[in-house]
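To keep things clear, I will list the structure first and then write my remarks on it.
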Amino acid sequence: MSDIAAVLERELGAGRVIGPGDDRLDDYGRDESPALLVPDDARHPPACAVLCERTDEVAAVLRVCAERGVPVVPRGAGSGMTGGCLPVAGGVVLSTERMQRVVEIAEDDLVAVVEPGVITGRLQEAVEARGLFYPPDPASLDFCSIGGNAATCAGGPRAFKYGVTREYVLGLEVALMGGEVLRVGRRTSKGVTGYDLVAGFVGSEGTFGVITELTVKLLPLPPGVATVLGVFADVPAASAAITALLRRGIRPRVLELADRASIDHVRPRARYRFPDGAGAIVLVEVDGDPDALDAEVERIGQACEGAGALDVLAAQSASERRALWEARRLISKSLRDAHRVKLNEDVCVPRGAITEMLARIARTSADLDLPIAVFGHAGDGNLHVNVLSDDDPADPAVARRLDQAVHRVLADTIDLRGTLSGEHGIGVTKRDVMTLEQSERVLEWQRRWKAMWDPAGLLNPGKVLPRRRGACSE
Ligand code: MLT
Ligand code: ZN
C-alpha cells in the first residue's frame, strides 16, 4: 500500500481505503467521458480511493492530504461525461458514494436535506411519495448522485420549464482543502444575505470544496402530465413546430429534439414504428391541472400538424408516456453500441440558432466524412452532438478528422453566440478549449477565485481552467 493509502487507512479505519493491487481501484480512474477526449498528459491512476461515510471523515482526508501536499479528487457516482472526477494528477480519489442518507424531507418548508451520495432518482421517488417534486432530471438519474449533480450543475429535459440544479440548491455543507467545514446558503427559498457562495460551489466541479450535505428546494408535485411525440420529415419542419407551439403560449416542461441519424440508430430497437421518411422527432411534455391538459395537448398537436408532422402521438398515462419516451432514452446507448468512437459534445446555442447550428453540423459531417448524430434539449438550445466513427482512432489520419470535427462544432457554437457546455461541465475534456469562449482576463479572475479556496491547487487539479499561456504544468 502507498504511504498516503496507509496513512488514510489509519485515520479512517479498515475497509475504507482501496489501494494499489485492489482490482476495484481501476474503477476510480474512469468515468463516462469518451477516453479519446481525455488529453494524454491527464491519464493517471489514483494512489488510492477513499470511501467516506461522514463529513468528519471527508474533512480528515482533506486535512491529511493538504498536510502532505497530495492532490484530492472528489467523486460522486462517476457518471460524469467530461472527466471531472478523473485523477489526472494522481493522488487520492475521495468518493462520497456511501453518503446516501436522506436526512430530512420537510413538507411544510418544501426542502429536503440530503447527503451527496444519494442517487438523484431515489430522491425523486422519496419526495414524490409525499406529493413533492424535485425537477432536475439528468438522463443518468438512475445512477448519478445529487452531489455530483450539484458539482456539475446538471440539467436534464425538464430544465426547459424548471431550470437546472443551481435553481434547487439552497444551502450546502462543504469541506475545504485543509479540513475546514463550512455551511453556506440557507433553507429558505428566498434570501439575499451576503454574497451567493452557493452559486459559486454549484458547478465548480469539485475544485472549490467537497459537498458533504445539500439542502434542496422542492415544489408541489404537478397533478397531471401529458407527453406528445411529433415526427417530422426534417429538422426545419420540427423547428417550425417548436416555434409555433411556443408562440401559442404553451410552456412545456420538456421540449426535446432528435435528428435523422439519431432516429436511424434507435429505429431497430424502439417499439414505435417510425414512418419511413422520419427525419426528426420532437418530444413535448406539459404538466399541471389534468383538466387543462387535454386542451394543451390538442394545441401542441395542431402546432405539429401545421408544421407538416408525419405522425403525432399523445399520452397521459404513465405507461403510455414511458413508451413515447423510449425512443429518446435509447438514443445515447444505441449510438454507443453501434460505433467504435462516439464523441459526445454538449453545446448550447441560442434557441433561434438551432436550425443554423444543425445545418453547419451537417456540413461538417459531409466535409469530414464522419456521421454526426444530434439530439437533446431543443427548448434550451442544448444539443448533444455525437461525432461517430468505426475507423481505428489510433490511426493519426482518423484522429485528426475526429479532432477537426469536434473543433468545428465548438467553433460554430461560439460563432452562433452559444456556450461550450449546457450541462455536462468542462472537466478535463474541454479544459483546453475554454479559450474559445472566455477571455484570458476572465480565466485569470476564475483562477484567483479557485486560489482563494485552494491556494496550493490540490483539490481536483487540472480541471475546468486551462493552463496559463506558456505554463508547462498546473
Ligand atoms: C442526455 O440528455 O441524454 C445526456 O445528457 C447525454 C447523453 O446521455 O449522451
Ligand atoms: Zn442532456
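Throughout, read-outs are computed from the coordinates displayed, never taken from laboratory work. None of the values given here were measured: they were computed from a predicted structure. With ideal geometry, Cβ positions are generated from the backbone for all residues, glycine too; neighbour counts draw on all protein chains shown.
May I ask for the angle, rounded to the nearest 10°, between helix 235-247 and the longest principal axis of the chain, with both axes built from Cα atoms and the value confined to 0 to 90°?
With both axes taken from Cα atoms, the answer is about 90 degrees.
Please name which of 174, 374, 410 has its Cα lying farthest along the dipole of the chain towards the positive end, using unit charges on Cβ (Lys, Arg +1; Asp, Glu -1) and the Cα centre as origin.
Farthest towards the positive pole: 410.
Would you work out the charge dipole size for the chain about its Cα centre, treating the Cβ of every Lys and Arg as +1 and the Cβ of every Asp and Glu as -1, and quote it to the nearest 20 debye? Can you show the working numbers first?
Values: 56 positive and 68 negative charges, 141 e Å.
In debye, rounded to 20, the chain gives about 680.
Let me know the whole percent of all Cα-Cα pairs from the stretch 316-359 that are separated by more than 16 Å. Show your work: numbers first, answer last.
On the way: 591 of 946 pairs.
Within the stretch 316-359, distances greater than 16 Å cover 62 percent of Cα pairs.
Write down, largest first, the equivalent ellipsoid semi-axes of the chain in whole Å, where each equals the square root of 5 times an eigenvalue of the alpha-carbon gyration tensor.
Values: eigenvalues 281, 154, 77 Å².
Here the semi-axes work out to 37, 28, 20 Å.
For the stretch 145-226, what are the per-bin percents of Cα-Cα distances with bins 5 Å wide, up to the bin holding the maximum?
Taking every Cα pair in the stretch 145-226, the percentages come to 3, 14, 25, 24, 17, 9, 5, 2, 1, 0.
Treat the stretch 339-427 as a sphere of radius equal to its Kirkwood radius over Cα pairs and apply Stokes-Einstein at 10 °C in a medium of 1.306 mPa s; give the translational diffusion coefficient in µm²/s, rounded to a whole number.
D, rounded to a whole number, is 122 µm²/s.
Among all lysine pairs in the chain that are eight or more places apart or on different chains, how many have alpha carbons less than 28 angstrom apart?
The number of close lysine pairs in the chain is 15.
If you count, for each residue, the other Cβ atoms within 10 Å and average over each peptide, how do 163-176, 194-207, 139-152 line up from highest to lowest?
In decreasing order of mean packing, 163-176, 194-207, 139-152 become 139-152, 163-176, 194-207.
In the stretch 1-154, what is the volume of the convex hull around the alpha carbon atoms, normalised per residue and reported in Å³?
With only Cα atoms used, the stretch 1-154 gives 120 Å³ per residue.
If eta is 0.890 mPa s and T is 25 °C, what Stokes-Einstein diffusion coefficient results for the stretch 133-192, Kirkwood Rh from Cα pairs, in µm²/s?
Rounded, D is 192 µm²/s.
In degrees, nearest 10, range 0 to 90: what is the angle between the Cα axis of helix 318-338 and the longest Cα principal axis of the chain?
Tilt of helix 318-338: around 70 degrees.
For the stretch 10-73, place one equal point scatterer on every Cα, skip the solvent, and apply the Debye formula. What is log10 of I(q)/I(0) at q = 0.12, 0.20, 0.23 Å⁻¹?
Each listed q corresponds, in turn, to -0.37, -0.91, -1.09.
About the Cα centre, and with charges only on the beta carbon of Lys, Arg (+1) and Asp, Glu (-1), how big is the dipole of the stretch 102-220? Nearest 20 debye, please.
The calculation lands at about 320 debye.
Under a no-solvent Debye model with one identical scatterer per Cα of the stretch 222-334, what's log10 I(q)/I(0) at q = 0.14, 0.15, 0.19, 0.23 Å⁻¹?
Taking Cα atoms of the stretch 222-334 as identical point scatterers yields -0.50, -0.58, -0.92, -1.29.
Considering the options 312, 282, 262, tell which one lies farthest towards the positive end of the dipole of the stretch 222-334, charges being +1 on Lys and Arg and -1 on Asp and Glu at the Cβ, about the Cα centre.
Of the options given, the answer is 262.
Projected onto the charge dipole of the stretch 64-108 (+1 at Lys/Arg Cβ, -1 at Asp/Glu Cβ, origin at the Cα centre), which of 90, 106, 72 gives the Cα projection farthest towards the positive end?
90
So if I place +1 on the C-beta of Lys and Arg and -1 on the C-beta of Asp and Glu, and nothing else carries charge, what would the dipole magnitude of the stretch 1-106 be about its Cα centre? I want it in debye, nearest 20.
Numbers: 11 positive and 17 negative charges, 35 e Å.
Dipole size: approximately 160 debye.
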